[in-house]
Amino acid sequence: MGQNKQVYEYLRSTGCCRVCCLRFYKGAKEEFIDPNSALVKRGFETVQDTDETDDQPKLKKVKENVCIACLGLFDESQLDALVSDVKQSATFQQYKCEAGFLTSISLPIVLHLRQLALWFDLIDRFPETFRPETPPDFPVKDAVKIIIIHRLEQALGQSFSVDGVMINIPFSYVNEQTELLKLEDVSPGVFVERVEHKHTRKDFITRNAFEKHFTPSAINGEKFRKHYSFPPADGDDKCLVREEITFTGPTLFVAGRYNKLSRKLSQTPWIIDGKRLMEESVQETIVAAIAPHFGVPDDRMIFSSSGREDVDVRCLGRGRPFVLEIPGAMCDRLPEQVAIEMEQSVNSSKTVVIRDLQLVKREELVHIRGGEADKRKFYRALCVTEEPVTPDTISQLCIDEPLVVQQVTPLRVLHRRPLLARPRTVYKVRAQPCRDNPHAMIVDIESQAGTYIKELVHGDFGRTTPSFRSIIGSAIDIQALDVMAIDLDWPKSLNRDKN
């Protein structure tokens with residue numbers, strides 16, 4: 001306890017604030033919620049007076065200069081102003097998010113520079129307590145986050161949550177570049193490596209790079225002392241600047257299933273060389289109904305689905321699972337009635353129908369984005385043949401055993417897909433003749449996801465083998481194709497009554 005008290009008193013004498021003294025004592029996380037109480041319990045401070053309406057200890061008030069370590073970051077008046085600015089922000093009040101809030105706090109590197117100078121100083125004065133290889137303090141960023149989050153929770157009546165509204169709190173230091181430039185003389189090799197490394201960020205130095213390369217065990221202390229004083233020089237209350245606080249809504253995910261009823265509708269906007277080839281798309285029809293509720297522009301929403309169908313292919317049955325990623329949402333709830341109205345709005349298009357609209361967690365996206373090789377899809381094709389369909393033709397296209405086909409990238413998509421040979425499994429085929437056309441038949445196909453069905457039928461000039469053409473020994477092509485089912489039981493079925 002003796003030397004700990006000596007360290008505390010020394011830090012206070014150099015101009016460190018009480019919170020920074022607690023940091024260099026490596027206080028526990030919970031102690032930063034109420035630093036004054038922690039310092040009293042540790043015997044570093046004594047209670048000056050008490051307030052019957054407040055059980056928080058009142059320490060002796062001392063007129064303090066700007067802290068040499070944090071440059072006023074933990075100043076009570078500054079923290080109160082920050083919380084007040086958030087609470088009174090008209091922008092923040094526009095968010096209707098029940099999850100709560102989270103914070104993103106950016107601090108200038110100069111605070112780490114001052115920590116390093118104090119580190120050197122403490123090693124010199126208290127070598128039994130402080131070591132060159134072990135950071136001497138509770139990290140400044142962690143401490144300020146604990147303090148700010150606690151105060152915001154009390155002021156806003158909301159809880160901290162990673163699913164909440166992001167409160168972005170940036171700090172800058174007026175003379176930071178001038179002070180950091182001296183580091184090149186202290187350890188020039190670090191900056192040579194950063195210039196040569198092509199993936200290095202353009203910043204002069206990042207926080208991670210500073211913490212990695214600038215420690216008492218990594219640099220020459222005498223060189224460092226030539227440019228920086230031990231302990232750091234007194235701070236200026238105008239040097240640490242809190243920039244404008246901004247807010248970012250949470251990223252949400254809305255999932256559902258869609259049916260595409262038109263053979264003249266692309267799944268996503270179809271634009272080639274700047275020219276739009278289709279007036280509408282499945283994506284745009286769905287997004288237009290959902291985006292307004294979440295206060296996000298249509299073009300910021302990200303559409304994904306379990307596969308895709310061609311423009312001239314319908315998607316029937318229970319539909320294709322899809323998900324919309326909604327960054328920066330203004331609200332984080334999707335009431336049942338609102339979801340029903342969104343579905344009805346899309347369904348009124350007569351070209352797209354959606355169902356089971358619901359919010360899902362990010363972790364659930366593995367269902368739609370992963371395991372494609374294991375998914376099965378079911379198709380119904382109207383095929384036309386050069387020769388009349390015979391019982392032998394039907395028999396040849398009734399396949400019960402899995403059939404592995406090799407598909408070289410089809411000619412029709414070669415302009416946008418790499419040239420590859422892909423093995424795909426066809427699990428089952430069932431053909432039946434058409435009564436009104438001797439040259440046509442209906443073929444039901446169950447295949448591995450990613451199978452090019454049109455090429456499976458006509459062979460694509462031998463690029464798919466075997467194909468229906470090679471199996472029956474004569475020309476065959478697809479007149480119409482429908483997706484009948486997708487073997488993915490996600491998202492959950494809601495069975496809504498929309499009447």
Of residues in segment 126-175 being without any contact (Cβ under 8 Å) to a residue 24 or more places away in the chain and among the polar types (S, T, N, Q), the one farthest from Gln78 (Cα to Cα): Thr134
Residue in segment 83-95 that is out of contact with any strand residue (DSSP E or B) (no Cβ under 6 Å at 6 or more places or on another chain), farther than 26 Å from Ser172 by Cα, at pLDDT 85 or above and not in a helix (DSSP H, G or I) present: yes
Complete set of residues in segment 444-490 that are small (Gly, Ala, Ser) and buried (at least 17 other Cβ atoms within 10 Å of the Cβ): Ser447, Ala449, Gly459, Ser467, Ala485
Residue in segment 113-125 that is assigned to a helix (DSSP H, G or I), out of contact with any strand residue (DSSP E or B) (no Cβ under 9 Å at 6 or more places or on another chain), closer than 22 Å to Ala155 by Cβ and touching a residue at least 40 places away in the same chain (Cβ under 8 Å) present: no
Residue check for Lys264: assigned to a loop (DSSP other than H, G, I, E, B) and surrounded by fewer than 18 Cβ atoms within 10 Å (Cβ to Cβ): yes
Filter result for Val360 (modelled with pLDDT of 95 or more, exposed (fewer than 15 other Cβ atoms within 10 Å of the Cβ) and either aliphatic (A, V, I, L, M) or over 22 Å from Leu494 (Cβ atoms) (or both)): no
Qualifying position, being closer than 26 Å to Gln6 by Cβ and at pLDDT 95 or above, among Ala143, Ala155: Ala143
Hits in segment 399-443 - residues which are assigned to a loop (DSSP other than H, G, I, E, B) and surrounded by 13 or more Cβ atoms within 10 Å (Cβ to Cβ): Thr409, Pro410
Among (1) open to solvent by less than 60 Å² (accessible area, probe 1.4 Å); (2) over 30 Å from Cys97 (Cβ atoms); (3) out of contact with any helix residue (DSSP H, G or I) (no Cβ under 6 Å at 6 or more places or on another chain), the one test that Leu277 misses: (1)
Residues of segment 205-225 that turn out to be touching a residue at least 12 places away in the same chain (Cβ under 8 Å) and assigned to a helix (DSSP H, G or I), as a count: 9
Subset of segment 6-15 (residues that are among the polar types (S, T, N, Q) and either under 36 Å from the mean Cα position of the chain (by Cα) or open to solvent by 30 Å² or more (accessible area, probe 1.4 Å) (or both)): Gln6, Ser13
Total residues in segment 286-308, condition part of a loop (DSSP other than H, G, I, E, B) and either under 17 Å from Thr248 (Cα atoms) or open to solvent by less than 10 Å² (accessible area, probe 1.4 Å) (or both): 5
Near pairs, Cβ below 6 angstrom, 6+ apart or cross-chain, from segment 306-318 (on the phi > 0 side of the Ramachandran plot) to any residue that is open to solvent by 10 Å² or more (accessible area, probe 1.4 Å) and in a strand (DSSP E or B): Gly317/Met484; Gly317/Ala485
Segment 319-370, subset among the hydrophobic types (A, V, I, L, M, F, W, C) and in a loop (DSSP other than H, G, I, E, B), residue nearest to Tyr258 (Cα to Cα): Leu334
Residue that is closer than 24 Å to Gln479 by Cβ and either β-branched (Val, Ile, Thr) or at pLDDT 95 or above (or both), where the choices are Cys331, Cys398: Cys398
Filter result (under 14 Å from Leu122 (Cα atoms) and surrounded by 18 or more Cβ atoms within 10 Å (Cβ to Cβ)) within segment 16-33: Cys16, Cys20, Cys21, Arg23, Phe24, Tyr25
Inter-residue pairs, beta-carbon under 9 Å, first under 19 Å from Pro250 (Cβ atoms) and in segment 79-96, second of a type in the set (Ser, Thr, Tyr) and loosely packed, with under 15 Cβ neighbours inside 10 Å, 6+ apart: Thr91/Thr246
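The values are calculated or read from the model by the stated rules, or taken from the named source; none is laboratory data. Only a predicted model underlies this, so the values are computations on that prediction, with no experimental measurement involved. Virtual Cβ from ideal backbone geometry, glycine too; neighbours counted across all protein chains shown. These accessible areas exclude ligands, DNA and RNA; they are computed on the full protein's heavy atoms, side chains included. Shrake-Rupley method; radii C 1.70, N 1.55, O 1.52, S 1.80 Å.
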